[in-house]
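Engineer: Below is a structure I'd like to ask you about.
Readers should treat all values here as calculations from the given coordinates under stated rules, not as data from a laboratory. The model shown is predicted, which means the values in this text are computed figures rather than measured ones. Reconstructed Cβ throughout: ideal geometry from the backbone, glycine too, with neighbour counts over all protein chains shown.
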């Protein structure tokens, strides 16, 4: 087995900053949403993606992709949201093998009331912490990494 290509000092510093971000940011987002809206960050993302979709309806597979979660995780979260009557599931009329997640009026109300506080918190933690140029670069970097992760999952 060949020697691994070790990270340079700069690469290691960047890697540690990234791992710190992906470890700490979700907890900070969860804490605010739980305190202010009674939702986890992932629950909020599910409701938000449904609210942004046509008629508040998405196939579960599309919703899993939009929320960067597995179908299994999404199913568990949607089940919790169904118990709160924030979403419901129905068989897709176009493809009886597929299931749609549907945002209820109560779900729309919950996400709309949660959004201002969440957006302000995201702005405080991320958007206002860096320059506009760095934010744009960060967006491109994030997309490139997400694309690489998606490629790895497919292979």
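Engineer: Give me 102, 145 sorted ascending by neighbouring Cβ count inside 10 Å, so fewest comes first. All intermediate terms of the calculation are to be shown ahead of the outcome.
Structural biologist: Working: 102 17, 145 12.
So the ranking, lowest neighbour count to highest, is 145, 102.
Engineer: Tell me the Kirkwood hydrodynamic radius of the stretch 59-135 in angstroms, computed as one over the mean inverse distance between distinct C-alpha pairs. Spell out each step's value before the answer.
Structural biologist: Working: mean 1/r = 0.0692 Å⁻¹.
By the Kirkwood definition, the hydrodynamic radius is 14.4 Å.
Engineer: OK, next. Return the FRET efficiency for the residue pair residue 12, residue 149: r is the Cβ-Cβ distance, R0 is 25 Å, and the value is rounded to the nearest 0.05. It would help to have the intermediate numbers written out before the result.
Structural biologist: Numbers: r = 20 Å, r/R0 = 0.81.
Once the sixth-power term is evaluated, E becomes 0.80.
Engineer: OK, next. Using a Gaussian network for the chain with springs between C-alpha atoms less than 10 Å apart, which of these wobbles most: 29, 135, 81?
Structural biologist: 135
Engineer: Something else: Please compute the modelled spin-label separation between residue 82 and residue 54, points set 7 Å along Cα→Cβ, answer in nm with one decimal.
Structural biologist: Taking the simple label geometry, residue 54 and residue 82 are separated by 2.5 nm.
Engineer: Still on this structure, I have one more. With N set to the number of residues, divide the alpha-carbon radius of gyration of the chain by 2.2 N^0.38 Å and report two decimals.
Structural biologist: Values: Rg = 18.2 Å, N = 155, 2.2 N^0.38 = 15.0 Å.
With N residues counted in the chain, Rg over 2.2 N^0.38 Å equals 1.22.
Engineer: Also: As I understand it, the value is the acute angle between the Cα axis of helix 41-52 and the longest principal axis of the Cα atoms of the chain; what does it come to in degrees, rounded to 10?
Structural biologist: Helix 41-52 sits roughly 60 degrees off the main axis of the chain.
Engineer: Let me ask something additional. Which whole-number percent gives the relative contact order of the stretch 37-154, counting Cα pairs below 8 Å spaced six or more residues apart? The partial results should precede the final answer.
Structural biologist: Numbers: 103 pairs, mean separation 27.7, N = 118.
Relative contact order, the stretch 37-154: 23 percent.
Engineer: Rounded to the nearest whole Å³, what is the per residue volume of the convex hull around the Cα atoms of the stretch 103-155? Mind showing how you got there, number by number?
Structural biologist: Values: hull volume 5.4 nm³, N = 53.
Spelled out: Cα convex hull of the stretch 103-155, divided by residues, is 102 Å³.
Engineer: Please report 149, 126, 87, 77 as a ranked list, fewest other C-beta atoms within 10 angstrom at the top and most at the bottom. Please report the intermediate quantities before stating the final value.
Structural biologist: Numbers: 149 11, 126 15, 87 26, 77 22.
If I rank by nearby Cβ atoms, fewest first, I get 149, 126, 77, 87.
Engineer: Can I ask one more? With a bin width of 10 angstrom, please list the P(r) values of the stretch 46-86 as percents of all Cα-Cα pairs, from the 0 bin to the one holding the largest distance.
Structural biologist: 31, 61, 8
Engineer: Mean residue ellipticity at 222 nm from the helices of the chain, using -39,500 (n - 2.57) per DSSP H segment of n ≥ 4 over the full residue count, to the nearest 500 deg cm²/dmol? Walk me through the numbers on the way to the answer.
Structural biologist: Numbers: 6 runs with 105 residues, N = 155.
Taken over the chain, the calculation gives -23000 deg cm²/dmol.
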